[in-house]
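I have placed the structure first, in the form of structure tokens, so that the comments after it can refer back to it.
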Amino acid sequence: PDHGRQALDEHRVGPVGATALRLGLSAGVLCLLERPRPRRWSAEQRRAVVVFGLTLATMNTAFYEAVARLPLGAAITIEFLGPLGLAAAHSRRLREAWPVALAVAGVGLLGAAEAGAGRGLDPVGVAAALVAGACWAAYILAGARVARGGPDRGGLAGAGVVAGVLAVPLGLASAGSALVAPRVLGLGLVVAVLASVVPYSLELRALRRLPPRTFSILVALEPAVGALVGAVALGDRLDPLALAGIALVVAAGVAATREVPP
């Protein structure tokens with residue numbers, strides 16, 4: 001999603017426009033794949049889908065605004081306070097809390113390594129990242145509700161439509177005709193599929209089985225995996241701080257998955 005943001009920003013659609021493209025196009029793809037039938041859903045299922053869609057729209061808008069104003073490592077670190085805070089809130093015993101502490105420390109080290117020393121943080125960017133983090137925690141809870149009690153088919157597509165309806169008008173107002181340029185639409189479709197359709201579908205499947213606390217710890221693997229991919233594919237250098245952060249996050253993920261029943 002971050003590479004997609006950079007590519008779309010080159011065409012000056014901005015963070016709001018990038019969010020509109022990602023959510024609007026992903027909603028269309030999901031509707032084609034899932035063919036939702038909301039008339040068959042119960043009132044409770046519809047409410048769950050709407051809440052899920054609201055969290056998707058707010059989370060993505062806030063995150064794109066944050067990464068437009070902050071170093072990527074700092075934005076991700078602040079955002080991860082949301083799911084890791086949720087994991088901490090669901091930890092009742094010391095045996096459950098120590099993987100959360102490992103994940104927090106690991107993500108903090110990764111953020112410190114990437115953000116660099118001496119760089120000031122934009123207050124608006126920090127606020128946006130905090131909102132994104134809170135919405136990510138809400139996304140986990142709302143997603144679990146849809147995954148376990150929502151419609152058997154089309155729940156994610158319905159949430160995508162809700163998010164798209166909220167985001168697309170704002171994107172058009174912000175970016176105007178740049179949003180519908182053929183190259184921008186093509187890039188937006190790639191980002192929508194790779195950053196929304198595929199991961200959200202997989203995450204919803206995971207939330208059917210994993211407790212929210214375990215899922216919240218496991219998502220901390222994302223910046224660690226991203227750092228490793230950057231080192232292998234892009235030749236980015238990993239300093240000792242980043243390597244230590246990756247090791248802590250991986251250890252937290254292993255510890256969390258050991259608690260999941262077969």
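The values are calculated or read from the model by the stated rules, or taken from the named source; none is laboratory data. Just so we're clear, the structure is a prediction, and the values are computed from it rather than from any experiment. Glycine gets a Cβ as well: all are built from the backbone with ideal geometry, and neighbour counts include every protein chain shown. Just so you know, the surface numbers come from the protein's heavy atoms only, side chains and all, with ligands and any DNA or RNA stripped out. Shrake-Rupley method; radii C 1.70, N 1.55, O 1.52, S 1.80 Å.
Remark: residue 88 matches the filter, which requires a residue to be in a helix (DSSP H, G or I), modelled with pLDDT under 80 and not basic (Lys, Arg). Is the range 236-248 home to any residue that is assigned to a helix (DSSP H, G or I), surrounded by fewer than 17 Cβ atoms within 10 Å (Cβ to Cβ) and modelled with pLDDT of 85 or more? No: zero hits.
Of the residues making up the range 149-185, just one is in contact (Cβ under 8 Å) with a residue 40 or more places away in the chain and of a type in the set (S, T, N, Q), namely 174. The residues of the range 125-142 that are of a type outside the set (Gly, Ala, Ser) and open to solvent by less than 10 Å² (accessible area, probe 1.4 Å), listed by number, are 139, 140.
Considering only the range 109-124, I want to know if a residue exists there that is surrounded by fewer than 17 Cβ atoms within 10 Å (Cβ to Cβ) and modelled with pLDDT of 85 or more. Yes, the conditions are met somewhere in the range 109-124. Filtering the range 200-221 down to residues that are in a helix (DSSP H, G or I) and either of a type in the set (A, V, I, L, M, F, W, C) or farther than 26 Å from residue 150 by Cα (or both), which residue is most open to solvent (accessible area, probe 1.4 Å)? In this case the residue turns out to be 202.
Rundown of residues vs (1) outside any helix (DSSP H, G or I); (2) among the charged types (D, E, K, R); (3) at pLDDT 80 or above, yes/no style:
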position: 152; (1), (2), (3): yes, yes, no
position: 189; (1), (2), (3): no, no, yes
position: 192; (1), (2), (3): no, no, yes
position: 198; (1), (2), (3): no, no, yes
position: 226; (1), (2), (3): no, no, no
position: 250; (1), (2), (3): no, no, no
position: 259; (1), (2), (3): yes, yes, no
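Restricting attention to the range 20-41 and to residues that are crowded, with 21+ Cβ neighbours inside 10 Å, of a type in the set (A, V, I, L, M) and modelled with pLDDT of 90 or more, the residue that is farthest from residue 165 (Cα to Cα) turns out to be 30. For the range 160-184, a residue qualifies if it is among the aliphatic types (A, V, I, L, M), assigned to a helix (DSSP H, G or I) and open to solvent by less than 50 Å² (accessible area, probe 1.4 Å), and the qualifying residues are 162, 163, 167, 168, 175, 178, 179, 184.
Of all positions in the range 42-49, at least one carries a residue that is over 22 Å from the mean Cα position of the chain (by Cα), open to solvent by less than 50 Å² (accessible area, probe 1.4 Å) and at pLDDT 90 or above. Of all residues in the range 50-78, those being part of a helix (DSSP H, G or I), crowded, with 22+ Cβ neighbours inside 10 Å and hydrophobic (A, V, I, L, M, F, W, C) number 12.
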